[in-house]
Amino acid sequence: MTLALATTSPATTACDALVIAVMPQGPATPEGSGVELAAHGLPDAALTAISSALTALGAKGKPGEVTRIPSVPGVKAPVVIAVGVGNLRATIDTENLRRAVGAAIRSAVGMRKVAIVAAPQEDLLAATAMGARLAAYDFTDFKGKGSAKATAGSSPVASIVLLVPGPATAAQKRLIADTEVIGDAVCLARDLVNTPPNALPPAKLALAAKDAVAGLPVKVTIWDERALARHGCGGILGVGQGSANPPRLARLDYAPAGAKRQLIIVGKGITFDTGGISIKPAANMDEMKGDMAGAAAVIAAVQAIARLGLKVKVTGLVPTAENMPSGTAQRPGDVITMFDGTTVEVLNTDAEGRLILADALGIAVQDKPALIIDVATLTGAQRVALGSRTAGVMANDDAARAQVCAAADRAGETMWPMPLPEELRASLDSATADIANIGDRMGGMLSAAVFLKEFIPNGQPWVHLDIAGPAFNDKSPYGYTPKGGTGAAVRTFVQVARELAAG
Ligand code: BES
Ligand code: MN
Ligand code: ZN
């Protein structure tokens, strides 16, 4: 997939389709009476033909509304795709624009090259580019040889050209290049999530982390099961001990010269979550291949941050294990000792994510970084509370939580602040160990976060992202979001790193 900026005329650019934005008509005319084209560089004959086609077809310019018009006079492209973007004159909602452009690009499956008549303002151009880049995705690594025919004509758009009135500025060129880097990373995270669990056991996920940063100034350290034992990672080992595929911990260190601050990002890497001895019901258990989406986001974000050369130290920690029931699996009632020495009574082996994260957080706090963010498909309760598209954001520090929520908003990701009620800590009390791994079921997303907080010393800013819903789209594609892995949290991490680098 390539993204390019060009200043050629939309009328004469050679491509399979030309995308133009349309808005509902201005306040002077009654709502619903027609649409206004937000396009530059088209001859009057083309504008008239497009307008009358849109009127005839009843287009309203609503965000994401896609109308395809063939053979427009004065336009070289054989098809014009008009996409509603809402009212760009009002407060600019860049996320609406990203999604609308995404819908247009998804409607162009099977076409090779698509040109978009883009607004030149930097925020609008960036949103247009990102929406287009993220929509041009599918995952075919595991389609059999014979399926080439079946998928012919259904590949995503391979080449996207953003047309701006010339000359293109340095800032415009840079933002297109940045969009490619971040878009590649989001798609890498999606690929990792979509990869079947038999093809991506913990050792392979750790190697994928290494591959992701090959050739970049990132130091990679991988602990195998023996190193994990040596370092006392009882959580990762306990969760992993039921599987024939042993656990790992991957550490990625990006430390550019001149960086003042350190960000540590920690991602849950359960390559498959059966629940273990506290086994899950069969329905939709296949979706638990996505239980490493936090790890995927961390790996992808470190790649993007290093490629962008951001002046901030970033460490990615990826604890990874497969949660299986077997004769060697941990039992409900087992007590394990975490990296920091805390003992945990495992009352439910399906609450495994917090166990592997506890070890990794214990490692993270040793560096005393400016900020630790962990990201995990941690609880079904997250989906009950916030639905499948909004991540929960919890923290031990109000400013840090607000900072991450604001960064998510700027990056176009939906995240919402949630509390850490103190009274939930008592529900995690264990008669035998320092703490139990399950607490109150009511507010289960919050109980899980309160468990994690136990491993963060006072004064260490820490934010926890529960992406159980947003990481995986089990429904139809929408906007720029495909079915399956979504790449959730990657753009937010890059945005946070950018803001820390800026000071
Ligand atoms: N990986 C699951 C959470 C999950 C559920 C993610 C659905 C995505 C979709 C996690 O390991 C889990 O099983 N959590 C339990 C915790 C409970 C036992 C306290 C849950 O949410 O039921
Ligand atoms: Mn589980
Ligand atoms: Zn899990």
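For the chain, relative contact order (Cα pairs under 8 Å, six or more residues apart, normalised by length) works out to 15 percent. For residue 7 and residue 62, a Förster radius of 30 Å and the Cβ-Cβ distance give a FRET efficiency of 0.50, rounded to the nearest 0.05.
Mind ordering 491-502, 267-278 by average Cβ neighbours within 10 Å, highest first? Don't jump to the answer; show the numbers that get you there.
Details: 491-502: 23.1, 267-278: 26.9.
Taking the mean over residues of other Cβ atoms within 10 Å, the ranking is 267-278, 491-502.
3J(HN,Hα) couplings calculated from phi for the stretch 365-374 with the Karplus curve 6.51 cos²θ - 1.76 cosθ + 1.60 (θ = phi - 60°) are, in sequence order, 5, 4, 7, 6, x, 4, 7, 10, 10, 10 Hz; Gly and Pro show x.
Remark on residue 334: its backbone amide H falls under 5 Å from those of 346, a criterion applied only to residues 5 or more positions apart or on other chains, H modelled at 1.01 Å from N.
Using modelled amide H (1.01 Å from N, peptide plane; none on Pro or chain starts), what sits under 5 Å from the amide H of residue 274, excluding residues fewer than 5 places away? Long-range HN contacts for residue 274: 323.
Read phi for every residue in the stretch 44-53 and hand back ³J(HN,Hα) as whole Hz from Karplus 6.51 cos²θ - 1.76 cosθ + 1.60, θ = phi - 60°, with x for Gly and Pro. Once rounded to whole Hz, the list reads 3, 4, 5, 4, 5, 5, 5, 4, 6, 5.
Rounded, prolate or oblate: which fits the stretch 352-503, taking a ≥ b ≥ c as square roots of the Cα gyration tensor eigenvalues, rounded meaning a/c under 1.5, else prolate when a/b beats b/c? Oblate, because a/c is 1.5 or more while a/b does not exceed b/c. Label positions at residue 388 and residue 171, each projected 7 Å from the Cα along the C-beta direction, are separated by 3.9 nm.
About its Cα centre, what dipole magnitude does the chain give when the only charges are +1 on Lys and Arg Cβ and -1 on Asp and Glu Cβ, stated in debye to the nearest 20?
Values: 46 positive and 45 negative charges, 304 e Å.
Here the size comes out at about 1460 debye.
For the stretch 3-8, 3J(HN,Hα) computed residue by residue from phi via the Karplus equation (6.51, -1.76, 1.60; θ = phi - 60°) reads 10, 9, 9, 9, 10, 5 Hz, glycine and proline entered as x. For the peptides 168-177, 453-462, the ranking by packing is 453-462, 168-177, with the highest mean count of neighbouring Cβ atoms within 10 Å listed first. Note that the stretch 345-440 carries a Kirkwood radius of 15.1 Å, evaluated over its alpha carbons pair by pair.
Residues whose amide H lies under 5 Å from that of residue 371, counting only those 5 or more places away or on a different chain, are 262, 264; hydrogens are built 1.01 Å from N in the peptide plane.
Read-outs: derived from the displayed coordinates by stated rules, not from any lab. No experiment lies behind these values; they were computed from the predicted model shown. Note: ideal-geometry Cβ built from the backbone for every residue, glycine included; neighbour counts use all protein chains shown.
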